[in-house]
Each structure stands twice: as structure tokens, then as C-alpha cells.
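The values are calculated or read from the model by the stated rules, or taken from the named source; none is laboratory data. Every value quoted in this text rests on a predicted model; they were computed, and no experiment measured them. Neighbour counts run over all protein chains shown; Cβ positions are idealised from the backbone, glycine included. Surface areas here come from the heavy atoms of the whole protein model, side chains and all, with no ligands, DNA or RNA. Shrake-Rupley method; radii C 1.70, N 1.55, O 1.52, S 1.80 Å.
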Amino acid sequence: MNFAPVEDARSFLDLNPDIEMVELFILDANGVPRGKLLHREELLAVYASGRPLPSTILGLNMHGEDVENSGLVWDVGDIDCRAYPLAGSLVRLPWRKIPTAALQVSMHPTEGMPASVADPRHLLVKVIDQLKADGYHPVMACELEFYLLDQQRDANGRPQPARDADGQRPRSTQVYGLRELEQIEPFLADLYAACKLQGIPARTAISEYAPGQVEITLEHGDALTAMDQAVRYKRLVKAVANKHGMQACFMAKPFDDIAGTGMHMHVSLADGEGRNLFASELEELRQGIGAGTSLLRQAVGGMLESLLDSLLLFCPNANSYRRFQANSYAPLAPTWGVDNRTVSLRVPGGPANTRHIEHRICGADANPYLAAAAILAGIHRGIRERIDPGEPTAGNGYAQAKTLLPTDWLTSLQALEKSSWARDALGQEFLQVYLAIKRAEYRQFMGEVGEQDWRWYLTHA
């Protein structure tokens, strides 16, 4: 694990003499940033010798409550675990009234024990290292959809789209509508400026398939860097929206009758020189445009074979499964296809050198580190076992689906609990903590919250 040198902090402080506070955070299993607000004078010590954080910080449920059987609470006396800064994560927060910076940390592999085993970023690093050991360098990008909601609920206490610049609420879908983007231009201007300041490669914005729904793509790159950027981008979107009097919602299905919100993950493998191993002009001529290489097919096969075992990492909450509806652009079945948005794994068209797989299963409420780890572990499985994915689906994948994905939280939870592949690929220690957290949330949701109550997901998803 490579942490940032103290020179990075000194340079930042020299260039930003007005900074007074530093918001230190680590990402928990649910993708919620948790941490502390430090004074400027405390920053150099974090780089030099780490920052102690309680073991329970990575053993919390969505409510921020201890999960006692996670092994990170009473069993270890809520011991201090040392976390260290990640390179490139010390950035300004331009929306804060007090000049403030953000700093992302991760648990040290040994000094951070026992919480290290539950650090989601560690899991992704482990899976990437295993791929690199076999000569495969994963390249990824993330597309995150979100709703811009009013901070006030409607007369029935339900969420409602935020007002546009003209004072009206969006009422029609208007997918790809340009006027819809013009109406949120003040928000987009601040968002793109903040992304530029923080080094987050935010690119294309579109009006998505529901009133008030937006998608902005992030540029592809090294898989770990891409997921770091996705984590920080998601946090940034929420903060900028709040500055504009709105709430950015990444809940998978905040409305029953309109589109859910997904996180599409784009992935390919490169060799040590950066050449795309999923692209071959010769094989594409033989198999058909978009088919990619045999390696790509094996990667698809591995992801399909591992899909059920991984589903809880892609769809971590009860609400996640409400997104799975026919003819909704959300996937329903373990299917793949070429340039086909009705399947779970899509191979986009375009020049051969751009060939990659678009994984369309994750809800926007998924933890990017955990989702990426499961995707890459599935790809590695497919390559090692030379799994054939079968023929790609052509046409309407919804109408042709023979085996459907589970549409309930418990089935996915049980599948991960029983998976010997997941224990080998993701690690028994990590799964023990993660499953304890999700089991506790499931019991609380069914016993205390009630199946129809979605509000506690709204602000944290």
C-alpha cells in the first residue's frame, strides 16, 4: 500500500496559506465517508505517523451504529487503528465558508489492524494486484446517475424534483434534453469547477430518463485511481447540490413510477505497455464487429458466472432491488450483448482500440470500491477458467430472458454467505465483517423500519 509522503502536505499548505481546517475521511462498507475535522496544525502529523481512528469506524451500519458481531466493537475494545493519507486526495473544498480541505485516508495494512480487513479500498487493491501478477492491468471508468431533489418534501412527505432556474419543477422525462441542462447550469458550472479544482475528470453531462435525473461520465484510467475519483466525485456532487439548495440523491429507486438510478462501470484490461487486450482487429473481422478478443469473452463469462454471488456488492440495500424492472434500461437477467442496452453486460461498439465491457447492474448506491473488486474478481475467474459466455443476446433482452436476477435483498445476502468463490476471491475476513453489517441492516429494516420506509436511505445512498 503506497501512502502519500509528508512533502505533499507541506507543498499543499504552502500553496494554500488560508486553509484553516482539514476534513479527514475514510469510506466505510456502505460507501459513507466518515472521519474527523482537524485543524491545519494537525495535518503534518497525519502524514508523518498516521491518524488513529476507532476500529468501529469500519464496522457501522447505514445509521452509523455499531454492528456488535462485526468483530470490531467489544471483541477488540474499539481499539485505535492507524490510517494514512492517500496520494492526490488532499484538495480544497470550495463550497465551505471556513477555508477547508479534504483528505482521504485508508487503514495501514498492519498498524490499522483489525479494521484493515474491513477497509473497502484494501479489497480492491488486493484484487487488482492479483490481476497484475498475471499480466493484466485493469482500466475502468464510472458513470453515476443521480437525482437533483428539492430539500423540502411534497405535501405527502415524498421527495420531489428541485426547481429549475425558471422556478418550475421538471415534470416530463425529456431524456437527452438540452434545455434541461441549461436549467441547471448554475449547479453544473460549480460542479465542473470543483471537479477541475480537485482533479476529477468529469466529462459528458446528459439529462437522464426521468425528471430531475442527471448523469455525468468520468474519464477512464487505472482502475484504483478511477474508483478513488468516483468516491470523491459522489461526495462532491452532494456538497455542490447542497450549496445550491438541492439534495443530490444516489438512491437506486427513489420513485416507484420512474427510472431508477444506476452506476455503470466500464472495464477493460491492458498489458504492461497500456495496449488494450480486449481489442483485436483480426478477431473482430472473424467474429463480427464488437465481439472483441477471446479474452474479452472469457471476462464476460467470468462476470456472468459470478453475478449471483456478487450481487449484494452491486445492490447492497433493500431499495436496490426495486430498480430491476422490465423495459426500464435496468438489467433483469445474467445476459450480455454487443451494443445492446437491454442486457446486463454490454460491449459497446466503436473502434477496436476502444473495446471494453459496460457493467450495467450496479445501483448508484453501491460502494465503488466493492463493486469494482467484485467485477474484476469475476473477470479474473473467467480468464483463469476460460469460461465461455455463450452467444450474445441480440434484440430485446427483456423478452428473451430465461433466468432472472433476484429481486430481493435476502436472496442476494444468502448467495454471498454461501459462496466459496467469494471467500477465495474476496477473503473470509472481509466477508465476515461485511456480511455482519448487511445482516444487521436487514434485520433492522424488516423488524424496526418496515419494508415501505425508504427515508433512511435517501440522504446516505
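What to note about this one:
- Pair list, Cβ < 7 Å and 6+ apart or interchain, from the range 300-321 residues that are closer than 14 Å to Ala333 by Cα to residues that are among the basic types (Lys, Arg) and surrounded by fewer than 23 Cβ atoms within 10 Å (Cβ to Cβ): Glu305/Arg381; Ser306/Arg381
- Single residue of the range 146-176 satisfying the filter (hydrophobic (A, V, I, L, M, F, W, C) and part of a loop (DSSP other than H, G, I, E, B)) that is surrounded by the fewest Cβ atoms within 10 Å (Cβ to Cβ): Ala155
- Count of the range 20-49 residues which are more than 22 Å from the chain's Cα centre (by Cα) and buried (at least 20 other Cβ atoms within 10 Å of the Cβ): 4
- Reported count of residues in the range 303-315, each being of a type outside the set (S, T, N, Q) and open to solvent by less than 10 Å² (accessible area, probe 1.4 Å), is 6.
- Residues of the range 85-121 classified as of a type in the set (A, V, I, L, M), open to solvent by less than 10 Å² (accessible area, probe 1.4 Å) and touching a Cys at 6+ places or on another chain (Cβ under 7 Å), total: 2
- The set of residues in the range 74-84 being in contact with a Leu (Cβ under 9 Å, 6 or more places away or on another chain) and either open to solvent by 70 Å² or more (accessible area, probe 1.4 Å) or under 17 Å from Ala230 (Cα atoms) (or both) consists of Ile79, Asp80, Arg82.
- Within the range 252-263, being within 13 Å of the chain's Cα centre (by Cα) and at pLDDT below 95 holds for Ala252, Thr261, Gly262.
- Subset of the range 179-196 [without any contact (Cβ under 8 Å) to a residue 24 or more places away in the chain and either within 21 Å of Tyr209 (Cβ to Cβ) or of a type in the set (Lys, Arg) (or both)]: Arg179, Glu182, Gln183, Glu185, Leu188, Lys196
- Residue match in the range 122-136 (condition: out of contact with any Pro (no Cβ under 7 Å at 6 or more places or on another chain), closer than 14 Å to Glu215 by Cα and open to solvent by less than 60 Å² (accessible area, probe 1.4 Å)): no
- Inclusion of Pro331 among residues that are out of contact with any helix residue (DSSP H, G or I) (no Cβ under 7 Å at 6 or more places or on another chain) and either assigned to a helix (DSSP H, G or I) or surrounded by 24 or more Cβ atoms within 10 Å (Cβ to Cβ) (or both) is warranted.
- Output for the range 113-145, where each listed residue is out of contact with any helix residue (DSSP H, G or I) (no Cβ under 7 Å at 6 or more places or on another chain) and either in a helix (DSSP H, G or I) or touching a residue at least 40 places away in the same chain (Cβ under 8 Å) (or both): Lys126, Asp129, Lys132, Ala133, Asp134, Gly135, Tyr136, His137, Glu143, Glu145
- Going through (1) within 22 Å of Gln104 (Cα to Cα); (2) modelled with pLDDT under 95 one by one, Ser207 falls short only on (1).
- Pairing residues of the range 336-365 that are within 20 Å of Gln400 (Cβ to Cβ) and open to solvent by 10 Å² or more (accessible area, probe 1.4 Å) with residues that are among the aromatic types (Phe, Trp, Tyr) and assigned to a loop (DSSP other than H, G, I, E, B), at Cβ distances under 7 Å and at least 6 apart in sequence or on separate chains, gives Arg341/Tyr329.
- The requirement of being more than 24 Å from the chain's Cα centre (by Cα), among the hydrophobic types (A, V, I, L, M, F, W, C) and open to solvent by 20 Å² or more (accessible area, probe 1.4 Å) is fulfilled somewhere in the range 396-416, by at least one residue.
- For the residues Leu197, Leu191, Leu224, the requirement of being open to solvent by less than 10 Å² (accessible area, probe 1.4 Å) and either under 27 Å from Ala87 (Cα atoms) or over 18 Å from the mean Cα position of the chain (by Cα) (or both) singles out Leu191.
- Just one of the listed residues (Ala102, Ala83, Ala87) is more than 19 Å from Tyr434 (Cβ to Cβ), among the hydrophobic types (A, V, I, L, M, F, W, C) and assigned to a strand (DSSP E or B), namely Ala102.
- The helices (runs of 4 or more DSSP H) located wholly in the range 374-453 that include 2 or more residues which are at pLDDT 85 or above and in contact with a helix residue (DSSP H, G or I) (Cβ under 6 Å, 6 or more places away or on another chain) occupy 409-418, 420-426, 428-444.
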